[in-house]
1. Exactly one of these conditions fails for V196: (1) in contact (Cβ under 8 Å) with a residue 12 or more places away in the chain; (2) on the phi > 0 side of the Ramachandran plot. Give me its number.
2. Within segment 179-206, can you find the residues that are of a type in the set (A, V, I, L, M, F, W, C), more than 20 Å from the chain's Cα centre (by Cα) and over 18 Å from N137 (Cα atoms)?
3. Hey, among Y212, Y177, which residue is of a type in the set (F, W, Y) and more than 18 Å from R290 (Cβ to Cβ)?
4. Of the numbered conditions (1) more than 26 Å from H194 (Cα to Cα); (2) at pLDDT below 70, P83 satisfies every one except a single condition; which is it?
5. Limited to segment 228-246, what total is found for residues that are in contact with an Asp or Glu (Cβ under 9 Å, 6 or more places away or on another chain) and of a type in the set (D, E)?
6. What helices (runs of 4 or more DSSP H) completely inside segment 154-257 contain at least 3 residues that are closer than 22 Å to L269 by Cβ?
7. Tell me which of these D265 doesn't satisfy, since it passes every other one: (1) in a helix (DSSP H, G or I); (2) modelled with pLDDT of 95 or more; (3) surrounded by fewer than 12 Cβ atoms within 10 Å (Cβ to Cβ).
8. In the list V196, V149, V214, which residue meets the criterion of being of a type in the set (V, I, T) and within 21 Å of Q282 (Cβ to Cβ)?
Amino acid sequence: MKYLVKIIVLALLLVGTSISYGQDTNTYRVLFLGNSVFYHRGGLCPSFEGFCNEAGLDYQAISQMNTPANPLGVEFLDYGRIPLNLPEIAADNKIHDLIRSGNFDFVILEGRRSGYLLPNQVELPDNRGEHIPYERNLEALSSLHRTIVQSGAQTVLYMHPGLHSTVDIKHPLAQIYQTLHSDLEKMEINGKQHEVILVPALFLWLDALKHYGVEGWYADESHGNALARYSSACMLYTYLTGKDPRMNAFNRLTELTGAWGIIPDKTDLIAAEEDTKWIKEQVWLYYTTRPK
């Protein structure tokens, strides 16, 4: 009997050891490079970290902005905002130096603004800006992809959800993102090709427009409300970690002002159970059916 007890105890110890070894105790650093879709009224970073913390994962979201206070914050105010597919912005040494020096595991690129990507003949309701041929968009993102890979990080291409008033051009725009993704993965860097994670938030927000309507999802024409930002953070969490979001109980929403101050009556927002269930199921569906 004593021997049997010893065997059982030893087995339990081995199981406990294997479980502890199976846990991911590493710290991962994630750099968000993009426009106000990441930062407006709090953006995605707090919710992304919330999902990771709930799962026991240490993923640190690093902002390029100087506010909120961030020792690695860099504001690229020469350009106002930074659509990374603009060649002159992608060529800015400050961006490349930040990537090289930050010891990041993932760098999220938000190559946005439909006017820069879609052909000239497409009529857009907003000020589209100067159209940039696909080849120049690809060249800009390729330069960043090369720097990211050489720094030891992985490139993440975030498919910008876009304005709610341009639903008719979202599918063509998504195809351009998918082509950019494919062409980036075909690049040879240091003698080999490297995986790029494509996060299709555009499709998730299209689904949400049907489910919630414009007023239930958008804070204004360009930016999502707290629930919309939560959904994008959920998608980034899933695509970067490979974890099933349905097993994650995180349900906090963030509602901050543009100046990064907390709105007094919106400091403890909780997403409704039916909302978190719908979002997590949609995200998991996209992740499990993504092209391999």
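1. (2)
2. Of all residues in segment 179-206, those of a type in the set (A, V, I, L, M, F, W, C) come to 180, 184, 187, 189, 196-199, 201-206.
Those left that are additionally more than 20 Å from the chain's Cα centre (by Cα): 187, 189.
Result: I189, single match.
3. Values: Y177 fails: more than 18 Å from R290 (Cβ to Cβ).
Selected residue: Y212, the only one of Y212, Y177 that is of a type in the set (F, W, Y) and more than 18 Å from R290 (Cβ to Cβ).
4. (1)
5. The qualifying residues number 0.
6. On the way: elements: 170-186, 201-212, 226-241.
Helices (runs of 4 or more DSSP H) meeting the threshold: 201-212, 226-241.
7. D265 satisfies every listed condition except (2).
8. Numbers: V196 fails: within 21 Å of Q282 (Cβ to Cβ); V149 fails: within 21 Å of Q282 (Cβ to Cβ).
Within the list V196, V149, V214, the selection yields V214.
The values are calculated or read from the model by the stated rules, or taken from the named source; none is laboratory data. What you see is a predicted model; the values in this text were computed from it and never measured. Counting neighbours? That spans all protein chains shown, and the Cβs are built from the backbone with ideal geometry, glycine included.
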